[in-house]
Structures are given as C-alpha cells and as structure tokens.
Amino acid sequence: MPPPIPPAAPLKLRERFRALRNLPPFLRMIWQASSTLALCSLGLRLVRSLMPVAMLYVGKLIIDEAVRLAGLPGTFPPLEQALASGLLGQLLLLLGIELSLAIGSDLLGRLVGYADSLLSELFTNASSIRLMEHAAKLDLEDFEDPDVQDKLDRARRQTLGRSNLMSLLFGQLQDAITVTSLAVGLVIYAPWLIALLALALVPAFLGESHFNAIGYSLNFQWTPERRQLDYLRQTGASVETAKEVKIFNLHRFLIERYRMLAARFYLANRRLARKRALWGTLLAALGTLGYYVAYGYIAWRTVRGDFSIGDLTFLAGSFQRLRQLLEGLLTGFSQVASQAMYLDDLFSFFAIEPEIHSRPDALPVPRPIREGFVFENVGFRYPEAERWAVRHLDFQLHAGEVIALVGENGAGKTTLVKLLARLYDPDEGRILLDGHDLRDYDLDELRANMGVIFQDFVRYNLTAGENIGVGLVEAMDDQPRIEDAAHRALADAVIDSLPEAYAQQIGRRFKTGVDLSGGQWQKIAIARAYMRDAQVMILDEPTAALDARAEYEVFQRFKELSDKRTAVLISHRFSSVRMADRILVLADGRIEASGTHEQLMAAGGRYAELFELQAAGYR
C-alpha cells in the first residue's frame, strides 16, 4: 500500500510573488503564437472596457430626461402627438445610443471570444511542439529519472491547461481600464467610498490567494500519485495488457488500487474545498458590507437633495459594477498568481539542460571509419546506483569488424552499446573513434551514422511503410528505399501478407489497424536499421521473439549485409553469435574473455559453460 501523503502546506507569500516572473515568458509565447490575434484581442478589449461607464452614464441621462418629462406641467400628450412634436426626441436619441452600446458590447464580446479561442488553440499547439522539441534534446538519463518524469508529466498538463490564463490576463487588463474609467467618474461624488470598497475586498483576496497556493501545493505533491492513477487506468483498460489482466484476474487488484488512490486524492481535495467555501463566504461578506455602506450613503445624499434620481441610478450602478470589478480584479490577480505557479511546472521543464550535446567546434564523423572504436578504461554507473553497470572496459572494435556481446542478464551488454551510440557518456575513461574522443564529434551526425535496434523497440501505430521509414525520417517518402530495407530484414514477406501492403495501418490502437505477431513486429523493426546507410550497425537482442531458424536467417543476412561495416550484435542464442568475427564475454560489467567461438570453447570458462547449458536443451 502506498505510504500516506501529509497535508499540503501553502507556499510562502514570497514564493507566490516570485512565480509572477513566469508571466513575461508566457506572454512572449502567446505573442509568438500569433501577434496579429493577440493585438486584435487586446484592441477589442480596450474598446469594450469603456462600454460599461458609457452605458451607465447614458442610463443616468435617460432617467433624468424621463423625470424631467414627468415633471412637465399639465397632462402629458398621447404618444403620437409627443412623437410628432419632438417632445420625446431627446429620450429616443438616448435610448438609441444605449441600444447601440448594448449591441456593440455584445458583438465585441463575441469577437473577443472568437479571437481568444483561436489564439488559445495556437498557443496550445505551439507549447506542445516546444515541449516535444525540448524533450527530444534531453538525455536518455533524464527520462529514466522519476523526478524528471514528474516534471514532464506536470509540463504536459500545462500545455493544455494554461491557455485560459491568457484570457484571464487580457480580461484583467480590460477590467482594470473599466475600473479606472468608473473611478474617474465616481471620484467627483465620493472618493472615500472607492477606498472603502477596495479595503473591504482585500480580506477576500488574501483568502483566495491562500487557498490557491494550497491547491497548487496539493497538485504538485500528488504528481507521482496522479501518474500512478494514469498508469492504473491505462493498464486496466488497454489492448497491450488485456491478456494478462484476464488470465491473472488482475482487474480486481487494479481497480482496488485505483479506488484507494483516487479516494485519497478526493478526500484531500474535499477538505480543501470545504475550507475554501467556508472562509470564502465569510470574507466575501465583508466586500458586500462595504458595498451596502456605499449604497446607503448615496441614498441618504439623494434624499437630502444632493443627487438627482439619475445620479442615484448612475452611482448605485457604478458602485455595484465597481464592486464586482474590484472583486474580480483581486480574485483574478490571485488566480493569475496561482496559475503563474503552475507555469513553473512548464518553464522548469524547459530549464532542464542536456549534458550530452555537440560542442561548438564539433568534428564531422569520418567517412569511411578507418580505425574503429577504442574503449579506454571506460566505466559507467546509472544515477543514484551504487553498483557500476560497466567498469574497466578496454577493447577495440575495428572498422569493418562484426563483434558479438554475450553474457547473463545485467552483465552490461546493453549499457555498452548505449555508450557506443552516445546515449550516455562514460563516468570514467573515454571512447575514441578514429583517434578522437566520441564527445568531439557532432552528435546528430554520429547518431545518423548508426543503425540501432534495441530489444524494447517501439511498435508505432502507423502504416507498415511508415514503421520502416521512421528509421530515416527524411526518406519517409522514398518507397524503393523502404522496400529495399524490408527485403534486407526479411520483412517483405510479412508486408506482402497484409491487405494493403505498405499502406496498411498496423497496431491495435486504431480501427483499421492490423496487429502483428511478436516476430513479425521484430522484422519490421530490424528493417528500420537498414533504412540508414549507417557505418555502424547495432542489433541489441531484436530477434528474441523469433524462432531459432528465423533468427539464424536474420543474422545470416545481417552478416552478409554488414560487409565493410562495423557491427555489434547481442543475442542469447549462441548458435547465432558464433558467426561474429569476435565474441566478447561480459560478466559483472567487465570483459571476462574475448575471441572467436572456437577459441572461447577451447579455453573453457563462462562462455563454454553457457554454450553447453544451452546446447543441452536441444539434445
């Protein structure tokens, strides 16, 4: 059972204000998404911000005109006569102006909503693209770090959840202009009442800020548990896990674990919602009290004769609108500060810098590779791990040589090829390519010269042709090249059996998809490596799902096609690796023996022991 999570503590006031530093880069992202739409939204809001005070003032003039007409001596003439005489001209003009203002305000509101919706969509797209671009730059080590995974999960949520902050910020600017225009008109009548309203609303603002900060802390603290909920939801209802869930009756366990975590998250949110509702009601009452004190004062001045009925209507409406706007501004500022804290999740992810990158004066990869790779006392340890994954590796991979790596699980085989592909950099020693440190070469060019297929290759829910084409994205539309890669990997027979051949969607995610067997998927994946005209080929147990004959055929083809190429292959089937020029035996992260199959068998030791154990299974 997961350990209990302590109650969330609110962020300090200084931390909340510090989060506002996220607003300038956020606004820059909005501007970059579409400066035209941003200007349109701001311009429309500027015009609309002046509408309320204009409508209130015209309303005052209408009432004053109505009172004047009602106070005329004698009986008021019939409508037709009043219209014909022009007696109602001023009133009708004012009514027409107010109608135009009302229609114009509504139209502007809809145009603002239209501009904001388009801008929000563009921002979501732009921020999502930036997220993927930055993720592509990060080291493999970052993706294996749970803390970075939490940051990535929070950042991914912000690309979808923060676009409303844009509308909130623009709305705050609009309301601030409206408040200023109302205050200018009201300051003539009773300036101290504006200060009273503002002070009365401060407690509600502070309360809202406090609970927003607690809400952010709660969501931040629960990131690992939210990822667990997502994982349980995916595991309990997906094609990939359906067989085992049914066979082992896992659904009860998964549902119970999900229910327990979800209930704890719900209870934590409910406690926060209760406190927020209680204190919010009490603190908002102070703002209401301030408004009615101002309202009573205006009514008393009207009774004394200081204000006309139109003035009373204008002032009462203005104060009511001002109270709503001030409350909205303070609450909105609190929400802006809260959402700025959430932006930390996005920008802190963007702030992660990869350690593995090209140097400014990076060297081009030699074509062809003449000498090969040299490992000089190479050691590597995974982050937070006490045990070295590999250490004291000293060997040479000659240009054009095919070597095989063998050893028991955890011996360091996959780690070695990841170091060779510079997915990691050594913690000790160095790796040379034609006499230069691997870190001296351009990273993109280095990887472009390597064709690598790992045992945990990705099964893309794309067409069969695209599944092969991803091996060289710039040649995705080169059908002859894709077909040649499939032929080399013995995957052409698999594709020929599909209803739409290379255009067939494969995988189970989409309706038209056709799923493949594990061995068929592996042949498709191997074809990816052949898409590249790579100088170095690495196959890390990509044939585990193939039967012995199929694996032998794949490796035999691999041997034939590796002529004049440097190649590394990993397999647990010793009958396949014996075709290599040289075999390295790894144990506990070190090279224990090296030689041909015949030499290693003659020397005895671990290789001969493992070979005999495997051979005994076939007798």
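The values are calculated or read from the model by the stated rules, or taken from the named source; none is laboratory data. If you're wondering where the values come from, they're calculated on a predicted model, not measured in any experiment. In this analysis, Cβ positions are derived from the backbone assuming ideal geometry, glycine residues included, and neighbour counts consider all displayed protein chains. The area values use the complete protein model at the heavy-atom level, side chains included, leaving out ligands, DNA and RNA. Shrake-Rupley method; radii C 1.70, N 1.55, O 1.52, S 1.80 Å.
List of remarks:
- Spin-label model, Q556/V303: points 7 Å from Cα along the beta carbon direction are separated by 10.8 nm.
- Ordering of 145-155, 76-86 by packing [mean C-beta count within 10 Å, highest first]: 145-155, 76-86
- Sequence of K511, K275, K523, K413 when ordered by accessible area, the most exposed leading, probe 1.4 angstrom: K511, K275, K523, K413
- The stretch 466-511: C-alpha gyration tensor shape, a/c 1.5 cut-off, then a/b vs b/c: oblate
- Put simply, the amide H of A593, placed in the peptide plane, has neighbours under 5 Å in V585, leaving out anything fewer than 5 places away on its chain.
- Area of S576 that stays accessible when all protein chains are in place (1.4 Å probe, Å², to 10): 0 Å²
- Accessible-area composition of the stretch 468-528, carbon plus sulfur, in percent [1.4 Å probe]: 49 percent
- Highest mean packing comes first when the peptides 381-387, 36-42, 498-504, 402-408 are listed by Cβ atoms within 10 Å, giving 402-408, 36-42, 498-504, 381-387.
- Heavy-atom SASA rank of V473, V536 (probe 1.4 Å, accessible area, largest first): V473, V536
- When nucleic acids and ligands are ignored and a 1.4 Å probe is applied, R532 ends up with an accessible area of around 70 Å².
- Loop-located GluC sites (Glu not before Pro) in the stretch 91-147 whose Cβ has at most 13 other Cβ within 10 Å (DSSP): E144
- Peptides 100-107, 166-173, 486-493 ordered by packing proxy, namely the average of other Cβ atoms within 10 Å per residue, highest first: 486-493, 166-173, 100-107.
- Remark on the stretch 28-133: Rg and Dmax equal 22.9, 80 Å (Cα only).
- Of K413/K564; K137/K275; K151/K523; K413/K523; K413/K511; K418/K523, those spanning more than 32 Å from alpha-carbon to alpha-carbon: K137/K275; K151/K523; K413/K511
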